[in-house]
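This report refers to the structure that appears directly beneath it.
The values are calculated or read from the model by the stated rules, or taken from the named source; none is laboratory data. Given the structure is predicted, the values throughout are model-derived calculations rather than measurements. Don't worry about glycine lacking a Cβ; one is built from the backbone with ideal geometry, like all the others, and counts go over all protein chains shown. Side chains included, ligands, DNA and RNA excluded: accessible areas come from the protein's heavy atoms. Shrake-Rupley method; radii C 1.70, N 1.55, O 1.52, S 1.80 Å.
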Amino acid sequence: MLKNVPKIISPELLKILSEMGHSDFLVIADGNFPAESMGKDSKVIRMDGHNVPEVLDAILQLFPLDTYTATPVGLMEVMKGDTVETPIWDEYKAIVKKYDDRGTDAFENIERFAFYEKAKKAYVIIATSEKALYANIMLQKGVL
């Protein structure tokens with residue numbers, strides 16, 4: 001057993017987070033994200049039964065965000081013409097603000113297909129059961 005590791009962080013995920021280096025990316029994906037097809041060249045960790053905000057909060061307790069880039073947090077931008085609301089983004093911003101002084105300034109919106117291309121190069125994709133639409137989030141690892 002280890003102290004101060006959030007209980008939803010599995011040993012496998014803890015190992016992967018430790019392996020990641022500066023500037024590596026991870027994706028915390030909603031239930032609609034094509035994690036397996038996007039993660040062919042990456043690791044995919046299943047966290048079924050969990051939602052993105054709780055996974056994000058647990059990871060940020062251990063994971064430094066990159067301070068050498070202005071926006072180490074990426075959100076999948078809503079497609080033009082899509083009327084979907086994204087209140088979950090406000091939850092993400094509150095969580096990030098707890099762990100990074102930049103708060104909402106740490107975020108950027110990434111066009112959907114550009115997000116997919118970037119996700120294909122992520123070190124790990126974490127697949128959740130999140131039901132909210134456009135709930136995918138990408139984090140860039142920093143240094144301690």
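Quick notes on this one:
- Looking across the range 112-133 at every residue that is without any contact (Cβ under 8 Å) to a residue 60 or more places away in the chain and open to solvent by 30 Å² or more (accessible area, probe 1.4 Å), the one that is nearest to Gly31 (Cα to Cα) is identified as Arg112.
- In the range 32-49, the condition of being under 17 Å from Lys141 (Cα atoms) and among the basic types (Lys, Arg) is met by at least one residue.
- Pair list, Cβ under 7 Å, 6 or more apart: the range 21-50 residue over 23 Å from Phe107 (Cα atoms) and β-branched (Val, Ile, Thr), other residue open to solvent by 50 Å² or more (accessible area, probe 1.4 Å) and modelled with pLDDT of 95 or more: Ile45/Glu12
- Total residues in the range 3-40, condition in a loop (DSSP other than H, G, I, E, B) and either modelled with pLDDT of 95 or more or touching a helix residue (DSSP H, G or I) at 6+ places or on another chain (Cβ under 7 Å) (or both): 16
- Top-ranked residue of the range 84-100 - restricted to ones that are among the charged types (D, E, K, R) and in a helix (DSSP H, G or I), ranked as surrounded by the most Cβ atoms within 10 Å (Cβ to Cβ): Glu91
- Residue match in the range 46-69 (condition: part of a loop (DSSP other than H, G, I, E, B), open to solvent by 10 Å² or more (accessible area, probe 1.4 Å) and modelled with pLDDT under 95): no
- Just one of the listed residues (Gly81, Gly103, Gly31) is on the phi > 0 side of the Ramachandran plot, open to solvent by 20 Å² or more (accessible area, probe 1.4 Å) and not basic (Lys, Arg), and it is Gly81.
- Residue check for Asp105: of a type in the set (Asp, Glu), farther than 27 Å from Val5 by Cβ and in a loop (DSSP other than H, G, I, E, B): no
- The one condition in (1) under 15 Å from the mean Cα position of the chain (by Cα); (2) open to solvent by 20 Å² or more (accessible area, probe 1.4 Å); (3) within 19 Å of Ile125 (Cβ to Cβ) that Leu17 fails to fulfil: (2)
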